[in-house]
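In what follows, a structure is listed as structure tokens, so that the remarks can point back to it.
The values are calculated or read from the model by the stated rules, or taken from the named source; none is laboratory data. Please read these numbers as outputs of a predicted model, since none were measured by experiment. Backbone-built Cβ (ideal geometry, glycine too); neighbour counts: all protein chains shown. Accessible surface is based on the protein model in full, side chains and every heavy atom, while ligands, DNA and RNA are left aside. Shrake-Rupley method; radii C 1.70, N 1.55, O 1.52, S 1.80 Å.
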Amino acid sequence: VQLQASGGGLVQPGGSLRLSCAASGRTGSTGVMAWFRQSPGQAREFVAAWTALNTLYADSLKGRFTITRDGAKNTVYLQMDNLKPEDTASYYCAVRRSRIVVSGQRQSSNYDYWGQGTQVTVSS
């Protein structure tokens, strides 16, 4: 499975961006599709996850970020609104083949495949 992330860029505080992550190859069944982010010197941080049964967000991001999936395109999106300088990071998409309980969706070690990062910079 290959994951291609795109949509990052430079945006002013309060602005919006939409990230995309397209899955290709032997995708088969997809249990969880998720976004994580990482800033220099920081640990990788959970952002949001999508499954057929639920969507899940980091508590600090609820209301500003929205994760959706287009099954026909095998693509997951992350709509980011009201962006803040602290949202600056490299954003990574990830896929887990099988389902996992909600608490497990937050752990990066539970994912099987990762895309390359796409840089988001929020600055005036």
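Just a few scattered comments:
- All conditions but one from (1) farther than 19 Å from residue 106 by Cβ; (2) at pLDDT 95 or above; (3) of a type in the set (Gly, Ala, Ser) apply to residue 71; the one that does not is (2).
- Those residues of region 45-54 which are under 19 Å from residue 21 (Cα atoms), out of contact with any helix residue (DSSP H, G or I) (no Cβ under 8 Å at 6 or more places or on another chain) and loosely packed, with under 12 Cβ neighbours inside 10 Å, in sequence order: 52
- Scope region 82-119; condition open to solvent by less than 60 Å² (accessible area, probe 1.4 Å) and closer than 18 Å to residue 62 by Cβ; matching residues: 83, 87, 89, 91, 105
- Looking across region 18-30 at every residue that is outside any loop (DSSP other than H, G, I, E, B) and either among the acidic types (Asp, Glu) or open to solvent by less than 30 Å² (accessible area, probe 1.4 Å) (or both), the one that is farthest from residue 80 (Cα to Cα) is identified as 23.
- Any hit, region 55-74, residues being touching a Lys or Arg at 6+ places or on another chain (Cβ under 6 Å), open to solvent by 60 Å² or more (accessible area, probe 1.4 Å) and assigned to a loop (DSSP other than H, G, I, E, B): no
- Criterion: open to solvent by 50 Å² or more (accessible area, probe 1.4 Å), touching a Cys at 6+ places or on another chain (Cβ under 8 Å), of a type outside the set (Ser, Thr, Tyr) and assigned to a strand (DSSP E or B) - qualifying residue of 79, 4: 4
- Residue match in region 35-43 (condition: hydrophobic (A, V, I, L, M, F, W, C) and open to solvent by 40 Å² or more (accessible area, probe 1.4 Å)): yes
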